[in-house]
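A quick write-up on the structure given underneath.
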Amino acid sequence: MSDKLFEPVMGLEVHCQLLTRTKAFCTCSAAYGGTPNSQTCPVCLGLPGALPVLNKQVVEFAIRMGLASHCVIAAESIFARKNYFYPDLPKGYQISQFDKPLCEHGWIEIEVGEATKRIGIKRIHLEEDAGKSIHDDAVTGGNATFIDLNRCGTPLIEIVSEPDFRSAAEVTAYLTKIRQIVQYLEICDGNMEEGSLRCDANISMRPVGAEKLGTKTELKNMNSFKAVERALAYEMARQAKVLREGGEIIQQTLLWDDNAGESRAMRSKEEAHDYRYFPEPDLVPLKVSKEWIESVSENLSELPQARRDRFVREYGIPKYDAEVLTLNKSLANYFEETLKFVKDAKLVSNWIMSEMMAVMKENKQEADQFIVTPKNLGRLLDLIVKGTISGKIAKNVFEEMCKEGADPNTIVKEKGLLQITNRDEIEKLVDKMLESNQSQLKEYLSGKEALFGHFVGQVMKLSQGKANPGMTNDILKEKLKKYA
């Protein structure tokens, strides 16, 4: 039996750590990377007599995401205690939302190839994060586990999709879209490596055409898009093999080991009631007014898809360019800021996607960390538009700018890189080139017209790239006609 007889059915639970200054229910810092166990208090440690107080900004951030994903925002939602034992969960429970979440019944559109698909959002609920168990031998010194409780109480939203995914490509497109949206809304930095965006996947396989869902497993510990793709491919193949051989899938939670390229069982898991949810007695129901929702909606940031469409419409750049430029908010901002100093949108797009993004990738930077400011890039490109320097010279100037962020005009003047636009000078260069390329000239005149490009290149070489390309072409054509 071929694996093609089975199709995967997948749903995702995406946890986004919110960019609030303090935690969900106390005033401890929510900043990443503090000294272990230095950002804790009786509230987030769950000590006797400590009571939680809800952070209002946490609710507003969740509403932003709810609106951006077309959810219904509940007028009243309830907090619950999600009970389970784990070493990095000092209270023995997480404050979360269960049967009455803040946001429900939404959707997000994804694009895979030429196809557009709508993925249902079942719910978005608020919860606090647990701490962190450190198993790294380099840190612990061997057979030990260290516990860092700084993350306890850090605010999260959990975005629970419907089981609408049928391929790893759809999952990747969805996660990319989620990360884009939360970054644009400025509610989460989307950093999977630091754990501020985490993904768990529920996967089952069923015969193609069947309506009934198969037994699912849950995959955890996927901290990059590549890890998600590898984990899903592994689990789909594993389940299909078991079913092919007549076996049964065991419902369980699996941890993904990206180094080994395989999953391993973490625990068996039945239903949500295993967590023994019950209403949080120390928090009153959360009530959200229509006025509050309207206020958040009016101040919502322009979302990536809307910005992409506007870039195509307003600046006349191709859809592909717009998709790349809107991958994250800082890059989109950089593009629009650069256009204040040069009006050729396609030229700006080309330079950002080629020269600039290559340097950013090498230095592992975002656009807002890039040493060359939008103003200076705009000035450099304006020099090309005005014919002050050639595109080739501009690349050399750009390299210098990337070292210290210097002004391009200063570099051009100091290094004597101004483009040669004097006709007499270019004529002399063309004459000199033709004199030293007599054999190639004879070949050209006998019909080998492809040598024209060689001639242009030789003139540019003589001028050290400073001859105006357009004038060089015109003068060379005139000279060659005379020879003919």
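The table that follows gives values for the structure above.
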item	result
Residues of the range 310-333 satisfying the condition of being among the hydrophobic types (A, V, I, L, M, F, W, C) and modelled with pLDDT under 95	L327
Hits in the range 394-441 - residues which are farther than 19 Å from P469 by Cα and in contact with a Lys or Arg (Cβ under 9 Å, 6 or more places away or on another chain)	E400, D407, P408, N409, Q440
Condition broken by Y444, with the remaining ones in (1) touching a His at 6+ places or on another chain (Cβ under 9 Å); (2) closer than 15 Å to G391 by Cβ satisfied	(2)
Residues (closer than 19 Å to I250 by Cα and buried (at least 16 other Cβ atoms within 10 Å of the Cβ)) located in the range 193-214	D200, A201, N202, I203, S204, M205, R206, G214
Count of residues meeting criterion [surrounded by 15 or more Cβ atoms within 10 Å (Cβ to Cβ), part of a loop (DSSP other than H, G, I, E, B) and in contact with a Lys or Arg (Cβ under 9 Å, 6 or more places away or on another chain)] in the range 323-370	4
Any pair with Cβ under 7 angstrom, 6 or more apart, that starts in the range 172-190 at a residue that is crowded, with 23+ Cβ neighbours inside 10 Å and ends at one that is at pLDDT 95 or above and of a type in the set (D, E, K, R)	I187/R64
Tabulated pairs, the range 224-248, first closer than 22 Å to G195 by Cβ and free of Cβ contacts under 8 Å to residues at least 40 places away in the same chain, second among the β-branched types (V, I, T) and surrounded by 12 or more Cβ atoms within 10 Å (Cβ to Cβ), C-beta under 6 angstrom, 6+ apart or interchain	E235/I203
Test: residue in the range 166-173 that is closer than 27 Å to A24 by Cα, at pLDDT below 95 and in the same structural domain as G214 (by TED's automatic domain parsing)	no
Criterion violated by A265 - all others in (1) free of Cβ contacts under 8 Å to residues at least 24 places away in the same chain; (2) not in a strand (DSSP E or B) satisfied	(2)
Restricting the range 106-120 to residues that are in contact with a strand residue (DSSP E or B) (Cβ under 7 Å, 6 or more places away or on another chain) and surrounded by 13 or more Cβ atoms within 10 Å (Cβ to Cβ), the residue that is farthest from V171 (Cα to Cα)	G106
Cross-chain or 6+ apart pairs with Cβ under 8 Å, the range 147-158 first and assigned by TED's automatic domain parsing to the domain that holds L54 and closer than 8 Å to Q17 by Cβ, then assigned to a loop (DSSP other than H, G, I, E, B) and among the acidic types (D, E)	T154/D129; P155/D129; L156/D129
Total residues in the range 54-80, condition in contact with a Gly (Cβ under 9 Å, 6 or more places away or on another chain) and charged (D, E, K, R)	0
Residues located in the range 174-228, provided they are closer than 12 Å to C16 by Cα, at pLDDT below 90 and of a type in the set (A, V, I, L, M, F, W, C)	M192
Total residues in the range 181-236, condition assigned to a loop (DSSP other than H, G, I, E, B) and closer than 19 Å to P304 by Cβ	9
Residue identified as farther than 26 Å from G46 by Cβ and not aromatic (F, W, Y) among E114, E127, E158	E114
Candidates Q57, Q39, filtered to the one that is modelled with pLDDT of 95 or more and within 19 Å of K132 (Cα to Cα)	Q39
Any hit, the range 68-81, residues being of a type in the set (D, E, K, R) and surrounded by 19 or more Cβ atoms within 10 Å (Cβ to Cβ)	yes
Every residue from the range 235-250 that is buried (at least 19 other Cβ atoms within 10 Å of the Cβ) and either farther than 13 Å from N202 by Cβ or not acidic (D, E) (or both)	M236, Q239, A240, L243
Pair list, Cβ under 8 Å, 6 or more apart: the range 384-396 residue closer than 13 Å to N409 by Cβ, other residue modelled with pLDDT under 85 and surrounded by fewer than 17 Cβ atoms within 10 Å (Cβ to Cβ)	T388/L418; I389/L418
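The values are calculated or read from the model by the stated rules, or taken from the named source; none is laboratory data. Please read all numbers here as calculations on a predicted model, not as lab measurements. So basically every Cβ, Gly included, is an ideal-geometry build from the backbone, and we count neighbours across all protein chains shown.
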